[in-house]
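Taking it in order: structure first as structure tokens, then the write-up.
The values are calculated or read from the model by the stated rules, or taken from the named source; none is laboratory data. Only a predicted model underlies this, so the values are computations on that prediction, with no experimental measurement involved. Here the Cβ positions follow ideal geometry from the backbone for every residue, glycine too, while neighbour counts run over all protein chains shown. The accessibility values were calculated without ligands, DNA or RNA, using every heavy atom of the protein model including side chains. Shrake-Rupley method; radii C 1.70, N 1.55, O 1.52, S 1.80 Å.
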Amino acid sequence: SCGICVTKCPFDAIEIINLPGELAESPAHRYGENAFGLYGLPAPQEGRVTGVLGPNGIGKSTAVRVLAGEITPNLGRHREEPSWEAVLDEYRGTALQDYLEDLRGGKLDVARKPQYVDRIPDQFDGRTIDLLSGVDERDAVDEVTERLGIAGVVDQDIDTLSGGELQRVALAAALVRDADFYFIDEITPYLDIGQRVTAARLIRELAEEEDRSMMVIEHDLAILDLVADTVHVTYGEPGAFGVVTTPKSTRNGINEYLDGYLEAENMRIRQSAIRFEEHAPRQGSHGETLVEYPALTKSYGEGEFTLEVEPGEIRHNEVLGIVGPNGIGKSTFAELLTGRLEPTDGEVDTRLDIAYKPQYIEIDQPMRVDAFLASITDDFGSSYWNTEIAGPLQLERIMEQQLTDLSGGERQRVAIAACLSKDADLYLLDEPSAFLDVEQRVQATTAIRRYTENNDATAMVIDHDIYMIDLLADRLQVFDGTPAERGHAGQPVGMREGMNEFLANLDITFRRDQNTGRPRINKPGSQLDRKQKKQGEYYYAP
Ligand code: ADP
Ligand code: ADP
Ligand code: MG
């Protein structure tokens, strides 16, 4: 080892064609001896939305906590007391000089939305409105909660909220502050597409109309593309070191990241590119019918929520994508198929063997990952299992960890592996993209598709990441209705028809990036937006 790197030489850790120059210099922050080091920092820009894009464990949250004034960076001298004088010296003459001076001088008001919203109920006891009123420096609680669709839950206790409600409450709690700089550590976990777009537009408006400065970390590329003016890409070796690039235009930053090659840095960060084939929508599999179900209804309690399901069939060997807003009955439908729930009207053939990965993952036994997975399948550790499941889901590195110590993304990958490792007729995955970074999403997608193709299996995947659904699904089932009141599940249809139906409900059209074929959300009312709506082509525009 040359002594620069912390745990592993980056030459074999990632395909870096030249050593990042930053690694020869001192990091902005290192957590300790042989601990994670962060090289470079993103620079917030006044009145703009600055995006941060990169893998999990690469230091994005660390960077944001430094800029929010919660961590005093130690410049790698972790044995000494960190000193602001040294930091200001180090950043003199850089894009961050003014920002850090003002931060140090107490001249900046900053607000941060933390990454893990699940922890909020442990930190705050009481009603939602009390939490929000306590930080409502802009007198904007009514407007922001209305916009985000959480006005109806503000009188509830914080600990009764669902993940999606908690995420929006956390976002509202940051955005109602009267800050100069806002740091949003991930917008989209637990949110449906409509909620994601609304949140992104709210953030943009605050920047454009009120000249507020925003920094946003985000893995949903369609949303990052919509919200950010510029993007800092982060790369390195997760858990060991991370490097933050200088800002790129959002389009280039995302394209270079997907491509795996950073042009200005002359740096290959991944061996192969992530491609969004501009494929015509899949025509749907022509397999035989695996299961047919009649019209179904399911009501909870006295008029609390009713789901109506149109009769339909799931075909052998297909991947059926399921899309629709939160609270519309998707999980209810899944549980009707598994037999966990009884329909109110109609009957489901529950002879089918179904492997189910629920949305909220319950794997909390005090057990190692390898022991847990070995308890599920005899194939565990076989070369076949390693190639098909452990490899693409990046499980090797976490096999010896305890289930209880896993991060959100690690837990998700173990849960997907556990589901696919079961012997079943139908694999039903509820929100597999949650907590995964872009690369992990693509790899999980590949694992699910390959697994179904090679094992003559059938999968149903509920997800809110439109890129993932496009890469994954043969056909789509669209849910609509009024969340928490009435849900309607359509028949499974082809991708084009399904995307059009789904996106028309949301009033969103996509165009294709000219270089990469990556889908991008059109500006509402733009020429393309109007043209595509007129043609009724919301996603697979010619
Ligand atoms: P990201 O937000 O990109 O997922 P983080 O900034 O959360 O990454 O973490 C980067 C690395 O730093 C991870 O390996 C994480 O385990 C480590 N880390 C985070 N916080 C601490 C801490 N307080 N002490 C030691 N290591 C930490
Ligand atoms: P989705 O998966 O589309 O987010 P769900 O099927 O989880 O939707 O929930 C649909 C609606 O049914 C929500 O309003 C939810 O609160 C309600 N619901 C879910 N399970 C129950 C239950 N066991 N009792 C009463 N209401 C429920
Ligand atoms: Mg983070």
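Applying 1/(1 + (r/R0)^6) with R0 = 56 Å to the Cβ-Cβ distance of GLU292 and SER407 gives a FRET efficiency near 0.90. The distance linking segment 220-281 with segment 462-485 is 25 Å (Cα centroid to Cα centroid, whole angstrom).
In summary, the lysines within cross-link reach of LYS422, defined as a Cα separation below 20 angstrom excluding same-chain residues under 8 places away, comprise LYS357.
Paramagnetic label reach from ARG104 (point 7 Å along Cα→Cβ; backbone nitrogen cut-off under 13 Å): within segment 66-85, residues 72-75, 82-85.
Eigen-decomposition of the gyration tensor built on the alpha-carbon atoms of segment 137-281 gives equivalent ellipsoid semi-axes of 32, 17, 15 angstrom, largest listed first.
Rounded to the nearest 0.05, the FRET efficiency derived from the C-beta distance between SER382 and GLU347 at R0 = 45 Å is 0.70. Ordering VAL323, THR452, PRO519 by Cα displacement along the dipole of the chain toward the positive end leaves PRO519 in first place; charges were set at the Cβ atoms of Lys, Arg (+1) and Asp, Glu (-1). With θ taken as phi - 60° and the Karplus curve 6.51 cos²θ - 1.76 cosθ + 1.60 applied, the whole-hertz 3J(HN,Hα) list for segment 299-313 is 10, 9, x, 8, x, 6, 7, 10, 10, 10, 10, 6, x, x, 9 Hz, x standing for glycine and proline. Taking a cut-off of 30 Å between Cα atoms, list the lysines near LYS523, but don't count ones fewer than 8 places away on the same chain. Excluding near neighbours in sequence, the set is LYS60, LYS113, LYS248, LYS330, LYS531, LYS533, LYS534.
Amide hydrogen proximity for ILE322: with H placed 1.01 Å from N in the peptide plane, the residues at 5 or more positions away or on another chain lying under 5 Å are VAL461, ILE462, ASP463, GLN477.
Amide H contacts under 5 Å for MET215: THR50, TYR182, PHE183, ILE184, restricted to partners 5 or more places along the chain or on a different chain, H placed in the peptide plane at 1.01 Å from N. The share of accessible area on the chain that comes from carbon and sulfur is 42 percent, using a 1.4 angstrom probe.
Assign unit charges at the C-beta atoms only (+1 for Lys and Arg, -1 for Asp and Glu), then state the dipole size of segment 317-412 relative to its Cα centre in Debye, rounded to the nearest 20.
In total the dipole reaches around 260 debye.
Plainly put, the chain has a radius of gyration that is 0.96 times its Kirkwood radius, both from alpha-carbon atoms, as the Rg/Rh ratio. Charge dipole (Cα centre; +1 on Lys/Arg Cβ, -1 on Asp/Glu Cβ; no other charges) of the chain amounts to roughly 1440 debye.
Spin-label model, GLU70/ASN34: points 7 Å from Cα along the beta carbon direction are separated by 2.8 nm.
Whole-Hz Karplus values for segment 83-98 come out as 10, 5, 4, 5, 5, 5, 4, 4, 9, 4, x, 9, 4, 8, 3, 4 Hz, taken residue by residue from phi with 6.51 cos²θ - 1.76 cosθ + 1.60 and θ = phi - 60°; glycine and proline positions read x. Distance between the C-alpha centres of segment 61-84 and segment 361-439: 34 Å, rounded to the whole angstrom. Applying 0.36 nm per residue to the separation of LYS523 and SER375 and subtracting their alpha-carbon distance, the gain on full extension is 48.3 nm. Contact order for segment 402-512, expressed relative to its length and based on alpha carbon pairs under 8 Å spaced 6+ residues apart, stands at 19 percent.
Placing unit charges on each Cβ (+1 for Lys and Arg, -1 for Asp and Glu) gives segment 364-440 a dipole about its Cα centre, and among GLN402, ALA390, SER421 the Cα reaching farthest toward its positive end belongs to GLN402. Along segment 502-514 the Karplus relation, 6.51 cos²θ - 1.76 cosθ + 1.60 evaluated at θ = phi - 60°, assigns HN-Hα couplings of 5, 6, 5, 4, 8, 6, 10, 10, 10, 10, 9, 5, 5 Hz to successive residues, with x for each Gly and Pro.
Segment 72-215 has equivalent-ellipsoid semi-axes of 32, 18, 14 Å, by the square roots of 5 times the alpha carbon gyration tensor eigenvalues, sorted largest first.
Determine the per residue accessible area of the chain with all protein chains present and a 1.4 angstrom probe, expressed in square angstrom.
42 Å²
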